[in-house]
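In what follows, a structure is listed as structure tokens, so that the remarks can point back to it.
The values are calculated or read from the model by the stated rules, or taken from the named source; none is laboratory data. Source: prediction; values computed, not measured. Note that we place each Cβ from the backbone using ideal geometry, even for glycine, and neighbour counts take in every protein chain shown. Each accessible area value is taken on the protein alone, full model and side chains, heavy atoms only, with ligands, DNA and RNA left out. Shrake-Rupley method; radii C 1.70, N 1.55, O 1.52, S 1.80 Å.
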Amino acid sequence: MINNTFLRISIAAIFLSAGLIAYQISLLQVLSITQWYHFAFLIISIALLGWGVAGTFLSLFKEFFMKNFDVCLQLLCILCAVFMMLNNFLIRIPGFFFDTCSLLLTDKIDFLHITITIIMLMYPFVPGAMVLGILFTKYSAIIGKIYCANLTGSGIGSILILFLTWFLFPMKILIVIAFFPLLSAIFLAKRNYFAIFSSIFIIIFNSVILLTQSGFPYISEYKDIKRVLSLPDAKIIKSISSPYGLIQVLSSKSFRITPCLSLKFTGEIPPEDQVFVNADRVGSLMDFHSSVVMDIYKNTTGSLPYTIRTPKNVLILNASTGTGVAQALAWNRNSIGAVELNPILCSFLRKRLDKLNDKVSIHIEGSRLFLEQSDKAYDLIILPTINYLGENTGLNALDTQYIMTIEGFNTIWEKLSDNGIIFVSCWQDYPPRYSYKILSSMIEMLRNKGIVDVYNHICAVQSWGDISFMISKVKFQQSEINKINNFCNNLLFDPLIVPGKGVIHCQDHNQNSDFCNGFTKIINNDKNFYNEYRFNILPSTDDKPYFSQFMKITKILQILKLYRKGDITFMELGYLVLLITVLILFAVSLLMILLPLFTLGPMNQKKLWTLAYFGGIGAGYMFVEVVLIQNFIFYLNSPIYSVSLVVTSMLFFSGLGSFMEDKINFDKKGITTIFAMIVCFLILFTAFLSPFLHFSSGFSFLLKVIVTITIAGIPSYFMGVPFPVGIKYLLVKSEKLIPWGWAINSFFSVLTPLVALIISIEFGFSFVIMAGVFAYLVTFLAWLKSF
Amino acid sequence: MKIGDGYYGWEEKAPFDRIIVTAAAGHIPPPLLKQLKDGGIMIIPVGSFLFFQYLILVKKNNSKIITEKLIPVRFVPLTGSGNND
């Protein structure tokens, strides 16, 4: 009988766990569409908060749940599904959830709205997590096996979601996921026909919703696509769901956009269809065969490198919809490489090139990795335009951009031919941030290369809207400097940095903000300038790859004050929202950890042990997960594959570790070895992970998947052991503390991803690993100190 | 008065001494530059539709065009029927 019960419970746990993790990843995708990635990222912590709250409820009402065990499990599963379905409606209501951009329009931070949003996103996780918590408590004697089922289900859920995103639109996926807890309820129902029929009835109701409701959520009024859709004749003509995001093509006869165009250009600018990924504009679908379009591209700042030299091999990084390709084609280049990670954008590009495909080779790869593997030398390497039109001001502060780091520029430099050029354009912002940071990154790379006469290798021109930088591997010749000046005069641009002369104050055609002072100080490596400047404009590195993060944490209040006075036009809302959320979640977590003490009694040595042991595990595990995900985003070229593979591997191997712990029942020496292994692995990561991933970056994709599973999996096997060990220990010493320990573990997991992000922004990823080591050492010390 | 897409200005009545554009564009529209009289001045907000644009002062002197960024502003998008009539 115990086998049948165990099987039934295990299947239910797998369904429920798969549903909960799939729901979490789907919400991440939906929130990336309705808002931005920095907000979507919070869902990881919000989901875990649901687990923590569930643990607190269990601590408070443990006896009630144990007494009504079967009914509680069934009802909670059904409740979880109903909450998921209810949230599906709430996400469609305009203004129901907090919107990051509302901070732009108000003088006050609406803590209440943020808190309500967190609660409304969290509550479907609570009943689901309670079911698992009840199972952990009830079957604590076989905790390893139940924990294994839980983690296996989570692994299955995260893989499943990868497949579903190819076939269903995001909101439809959210509806489908609600079936999982219902299936779980049926498995837990035994002979409770009421629960079975209720589940079946809700399954039918949910199926009707699936067939009738739209697959698209309500999108923030501040997202690009909403603004373009406000044009009178704008309409979406294509929508594609994929793990690379929701890709939409929008047509409008009124929407004309072009890179910084010379004011000498008097021709017609045709409207072009626009492409959006997760409701953010990524580019135009220009007609590569139109002479009008080619003429436009000849009259932009992007023509500068083609005017002074005749590059044969041109490489466009992060090619997107093909602006750089159009530029190269306008100058009749025949050997153009375009690197783009998103296969759907690549298919758009390939289709439109048609007969020009023999001139352009398209590589579906991440730019940095492509360069590291390429054995070709390029005469011109073009980076994507930075912050075009100021569209993403401060909202992508938490995005990592490995192509814009010092190491990234070093890789680009290595792939230049002897006469090669790096070209990058940047939208002018005030106060200058992007332009300063891109310059400081390139200058630092040149210095690292031992180039002392940087003024001979760099050039910059400004139009009415952008600044374009050009870095040459060899010194610019006088004839080329003359061509730069002629280019500026002919197209009404102004030189800002003239090779050989340095930074000049020329505003013959465009009287913009004065960048000269800052440029001079950056090129002269004035350390005081970096320290005193209100914003962080230090070069980004692979350890701190947040190119678009400019906010200095020490100057947040000063920046907020300036913003409210109207002295600056934008601030890094992404980072600000992260900090606000950490504050709220910290307060909620603390409250929820302390709340059960009303029934458990005041703090004593046993409770301190539980806090240190389970807190350490929760924090340590998440620190490692964040670091691994980040490293493998670079390695696998894709955040989606990285998150799925790392999370699945970690969960599966942790589950295996828990399962083995249940079989082996490690003694004190065994446990000490386990902790020693964990700490050893983390120290090895600090020293060798990044170099090894760079070394093996040329491996085939299949081999890389195996490397990922191995690196994420092996330490996770050991990291899966301490949790059941702790639960079993409490089972012997103080059973009533089990739900509290589980809740503590969850609350520390809530805060850790956000804290890890802040640590990585301020100090770098290497410090995040050290934080993981510290957390596991705390757990180990707690273990050594018996009570 | 003419009802139409401001992007194209009013070619029949051009050139103009002053052009004031009260909606944001992603670039300075070439038709408006063409319709600006020699010695004329245009002001136009240019930049992103949502977050902010810069109010740009455009001067045309002896066919030479000079731009000057004035202040950051927020305007609604420059749009119309999309037809040049």
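For the stretch A:206-289, what does the relative contact order come out to in percent, with C-alpha contacts under 8 Å and a separation of six or more? Can you show the working numbers first?
Working: 110 pairs, mean separation 20.9, N = 84.
The normalised contact order for the stretch A:206-289 reaches 25 percent.
Which net charge results when you count Lys and Arg as +1 and Asp and Glu as -1 among the other residues whose beta-carbon is under 14 Å from that of B:ILE43?
Taking every Cβ under 14 Å from that of B:ILE43, the sum is +2.
Per-residue accessible area for B:ARG74 at 1.4 Å probe radius, Å² rounded to 10?
Taking all protein chains as shown, B:ARG74 has close to 120 Å².
With a 1.4 Å probe and all protein chains left in place, how much of the accessible area of chain A comes from carbon and sulfur atoms, in whole percent?
65
When the Cα centres of the stretch A:640-669 and the stretch A:712-743 are compared, how far apart do they sit, in Å?
Distance between centres, Cα-based: 12 Å.
Averaged per residue, what accessible surface does chain B expose to a 1.4 Å probe, in Å²?
That works out to 47 Å² per residue.
Which whole-Hz couplings ³J(HN,Hα) result when phi for each residue of the stretch A:213-219 is put into the Karplus expression 6.51 cos²θ - 1.76 cosθ + 1.60, θ = phi - 60°, listed in order with x for Gly and Pro?
Running phi through 6.51 cos²θ - 1.76 cosθ + 1.60 with θ = phi - 60° gives 7, 6, x, 10, x, 6, 9 Hz.
Which of the three applies to the stretch A:612-763, rounded, prolate or oblate, going by the alpha-carbon gyration tensor with a ≥ b ≥ c and a/c under 1.5 meaning rounded?
Since a/c reaches 1.5 and a/b is larger than b/c, the shape of the stretch A:612-763 is classed as prolate.
With 16 Å as the cut-off, how large is the P(r) tail for the stretch A:687-740, expressed as percent of Cα-Cα pairs?
60
For the stretch A:345-500, what does the relative contact order come out to in percent, with C-alpha contacts under 8 Å and a separation of six or more?
Computed over the stretch A:345-500, the figure is 21 percent.
For the stretch A:343-353, just list the computed ³J(HN,Hα) in residue order, Karplus coefficients 6.51, -1.76 and 1.60, θ = phi - 60°, integers in Hz, with x standing in for Gly and Pro.
Karplus values, whole Hz, x for Gly and Pro: x, 6, 5, 4, 5, 4, 5, 4, 5, 6, 5.
Relative to the isolated chain, which residues of the stretch A:210-234 have their accessible area cut by 40 Å² or more in the presence of all protein chains (1.4 Å probe, heavy atoms, no ligands or nucleic acids)?
A:ARG227, A:LEU231
Find the relative contact order for chain A and round it to a whole percent, using C-alpha pairs within less than 8 Å whose residues are 6+ positions apart.
Relative contact order of chain A: 16 percent.
Quick one: which of A:LYS62/A:LYS728; A:LYS501/B:LYS64; B:LYS34/B:LYS60 span more than 20 angstrom between C-alpha atoms?
Checking Cα-Cα distances, A:LYS501/B:LYS64 exceed 20 Å.
Using only the alpha-carbon atoms, how far is helix A:556-565 inclined from the longest principal axis of chain A? Give it as 0 to 90 degrees, nearest 10.
The helix A:556-565 is inclined about 60 degrees to chain A.
For the protein assembly as shown, what is the percent of antiparallel DSSP beta bridges, rounded to the nearest 5?
In the protein assembly as shown, approximately 65 percent of DSSP beta bridges are antiparallel ones.
Considering only protein heavy atoms, what per residue accessible area in square angstrom results for chain A with a 1.4 angstrom probe?
Per-residue accessible area for chain A comes out at 36 Å².
Reachable lysines from A:LYS351, Cα under 25 Å, same-chain residues fewer than 8 places away excluded?
A:LYS235, A:LYS238, A:LYS253, A:LYS298, A:LYS312, A:LYS359
Mind grabbing the interface size between B and A? I mean buried accessible area, both sides, 1.4 Å probe, in Å² to the nearest hundred.
When B and A are taken together, about 3200 Å² of accessible area is lost.
Using helices alone, I'd like the mean residue ellipticity at 222 nm for chain A: each DSSP H run of four-plus residues gives -39500 (n - 2.57), total over residue count, nearest 500.
When only DSSP H runs of four or more count, the value is -19000 deg cm²/dmol.
Once you sort the root eigenvalues of the Cα gyration tensor of chain A as a ≥ b ≥ c, which label holds: rounded (a/c under 1.5), prolate (a/b larger than b/c) or oblate (the other case)?
Prolate, since a/c reaches 1.5 and a/b exceeds b/c.
Enumerate the aspartates and glutamates that A:LYS483 could reach by cross-link, defined here as Cα to Cα under 19 Å, with residues fewer than 8 away along the same chain left out.
A:ASP379, A:ASP494, A:ASP508
Could you tell me how many degrees, from 0 to 90 and to the nearest 10, lie between the Cα long axis of helix A:605-636 and the main elongation axis, the longest principal axis, of the Cα atoms of chain A?
40
Residue by residue through the stretch A:89-103, what is 3J(HN,Hα) from phi via Karplus (6.51 cos²θ - 1.76 cosθ + 1.60, θ = phi - 60°)? Round to whole Hz and write x for glycine and proline.
6, 4, 5, 8, 8, x, x, 5, 8, 4, 10, 3, 5, 5, 5
Among all the aspartates and glutamates, which ones have a C-alpha under 20 Å from B:LYS13's C-alpha, if same-chain residues fewer than 8 places away are not counted?
In chain and number order, the partners are A:GLU268, B:ASP5, B:ASP38, B:ASP85.
Any chance you could give the angle, 0 to 90 degrees and rounded to 10, that helix A:125-138 forms with the longest Cα principal axis of chain A?
Around 40 degrees separate the two axes.
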